[in-house]
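Before any comments, here is the structure.
The values are calculated or read from the model by the stated rules, or taken from the named source; none is laboratory data. Being a predicted model, the structure only gives us computed values, none of them experimental. Every residue, glycine among them, receives a Cβ derived from its backbone with ideal geometry; neighbour counts consider all protein chains shown. Accessible surface is based on the protein model in full, side chains and every heavy atom, while ligands, DNA and RNA are left aside. Shrake-Rupley method; radii C 1.70, N 1.55, O 1.52, S 1.80 Å.
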Amino acid sequence: MNRDKEEFLDILERYQGILHKVNLVYFRNSADREDNFQEMVYQLYRSYPELKKKESIGSWFYKVAINTSITKLKKDSQLKYKEEIPEPAFDTDMEKKMEEAESSLLLLKAIHELNDTNKAIILLYLEEKSYDEIAEITGLSKNNVGVRINRAKKNIERKTKIFERWKEMN
Amino acid sequence: MERDELKELWKNTGDKTPEVSRNKLEQILESKAKSTMNRFLMVFGIAGIISLSVITFVIITALYRKEDILYVINSTVLGILTIASLVSALWSLRRLSETKYSLPLKQLLEKNIKMISRSLNGWHRAVSILIIPVLFILLMMSINVYFSGMSYLDVISSGESVTALIAGLLVGLPISYYVENQFYRYHVKNLNEFKRLYKHLTEH
């Protein structure tokens, strides 16, 4: 195996969490996520020579992963709409596990309701990226990023309240 | 839900997906690269085989009929247009496959919108519409003249051949335009989707 590929796999192994999170935000079931994971890995490998020249690995991973996912969503108009979240970790007790899973599902549902570009912005915000980094990844101005984050946060809070109320009613 | 809770909750949500092993990552990369290459080779192979067949036919038949100057001109134009179409198609395919995913999202969308708009509205579109009947007529004339055993001039002045040519065009052209239209609609759909995303990203 050549050295570039070895280096790339080292980085990919370390940063693959980013791909899983982007997948979680953009795709609602495991089959679509698996498909997109493969596409992201391939596109990252294709863009890898550019990484050597510049910027932080994390930002580059987010950029390629988000762009690939948005392009894939555009291609696949037949994506299935069944919410699925990964199984919770097994180091917590059952009740807490269920609670966590429900809250996670609620948050994911609210994020899925956002438009595709706001999904990227809120993901980067939740991942503790600075406004400068979010602006760099999306190509928007810093001010615009701030406005959008506030709007998306309010939107999520409103949605999660609606979902909670809906849950109580059922 | 308190605002700070969002980030906390996200930590619980986002970190649950199990990590993929290095071997599995390598397998994914290799199989994806292989399937992408196979898809490219298949498109390249089909386009290449069709074009090569036309060019071979044109060269061989033109050599057999080199005394018929009109037939040689027909064959030469047909050969040149076939090569030009193949090169143009492969060039477009290459440009499409070179999409830079490492650009900021806004620039990526702008670039894609510009590229697709140009191919749908500019001279590319006019040429692709015009070239279909031209290629079709030249190919039909080439086949018709060669197998009829008559000269090019005799064929175009014979009522029977002109009727056959018109009948061929009536059947072949709608099919060709249908296929071309399917590609066009696919690109229009892509363009609209990119425009929609761009609007979402830039609207205030």
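Of all residues in segment B:177-197, those that are within 18 Å of A:THR71 (Cα to Cα) and open to solvent by less than 60 Å² (accessible area, probe 1.4 Å) total 7.
When B:VAL77 is tested against the conditions (1) surrounded by fewer than 18 Cβ atoms within 10 Å (Cβ to Cβ); (2) β-branched (Val, Ile, Thr); (3) not in a helix (DSSP H, G or I), the lone failure is (3).
A single entry from A:LYS154, A:LYS129 fulfils the requirement of being modelled with pLDDT under 90 and among the basic types (Lys, Arg): A:LYS154. The residues in segment B:1-59 that are more than 7 Å from chain A (Cβ to nearest Cβ), within 28 Å of A:VAL41 (Cβ to Cβ), polar (S, T, N, Q) and open to solvent by less than 100 Å² (accessible area, probe 1.4 Å) can be counted, and the count is 4. Filtering segment B:80-99 to residues that are open to solvent by 70 Å² or more (accessible area, probe 1.4 Å) and either touching a Leu at 6+ places or on another chain (Cβ under 9 Å) or more than 30 Å from A:SER47 (Cβ to Cβ) (or both) leaves B:ILE80, B:ILE83.
Looking across segment A:12-37, the residues that are under 15 Å from the mean Cα position of the chain (by Cα) and over 24 Å from A:GLU128 (Cα atoms) come down to A:ASN29, A:SER30, A:ASP32, A:GLU34, A:ASP35. Applying the condition of being at the interface with chain B (Cβ under 7 Å from one of its Cβ atoms) and not hydrophobic (A, V, I, L, M, F, W, C) to segment A:129-139 and asking which residue is farthest from B:LYS199 (Cα to Cα) yields A:GLU136.
Part of a helix (DSSP H, G or I), away from every other protein chain (no Cβ under 14 Å) and in contact (Cβ under 8 Å) with a residue 40 or more places away in the chain - does that describe any residue in segment B:160-169? Looking through segment B:160-169, none of the residues is part of a helix (DSSP H, G or I), away from every other protein chain (no Cβ under 14 Å) and in contact (Cβ under 8 Å) with a residue 40 or more places away in the chain. Find the residue count for segment A:101-115, including only residues that are more than 10 Å from the chain's Cα centre (by Cα), surrounded by 19 or more Cβ atoms within 10 Å (Cβ to Cβ) and more than 7 Å from chain B (Cβ to nearest Cβ). Total meeting the criteria: 3. Sub-7 Å Cβ pairs linking a first residue in segment A:111-122 that is in a loop (DSSP other than H, G, I, E, B) to a second residue that is not hydroxyl-bearing (Ser, Thr, Tyr), at least 6 apart or interchain, are A:GLU113/A:LYS159; A:LEU114/A:ILE122; A:LEU114/A:ALA152; A:LEU114/A:ASN155; A:ASN115/B:HIS200, ordered by first then second residue.
Would you confirm whether any residue within segment A:53-63 is in a helix (DSSP H, G or I), at pLDDT 90 or above and within 8 Å of another protein chain (Cβ to nearest Cβ)? Among the residues of segment A:53-63, at least one is in a helix (DSSP H, G or I), at pLDDT 90 or above and within 8 Å of another protein chain (Cβ to nearest Cβ), which makes the answer yes. Going through (1) more than 14 Å from every other protein chain (Cβ to nearest Cβ); (2) of a type in the set (Asp, Glu); (3) open to solvent by 60 Å² or more (accessible area, probe 1.4 Å); (4) in contact (Cβ under 8 Å) with a residue 24 or more places away in the chain one by one, B:GLU67 falls short only on (4). Filtering segment A:116-145 to residues that are over 19 Å from B:GLY14 (Cα atoms) and open to solvent by less than 40 Å² (accessible area, probe 1.4 Å) leaves A:ALA135, A:ILE137, A:THR138, A:GLY139, A:LEU140, A:ASN144, A:VAL145.
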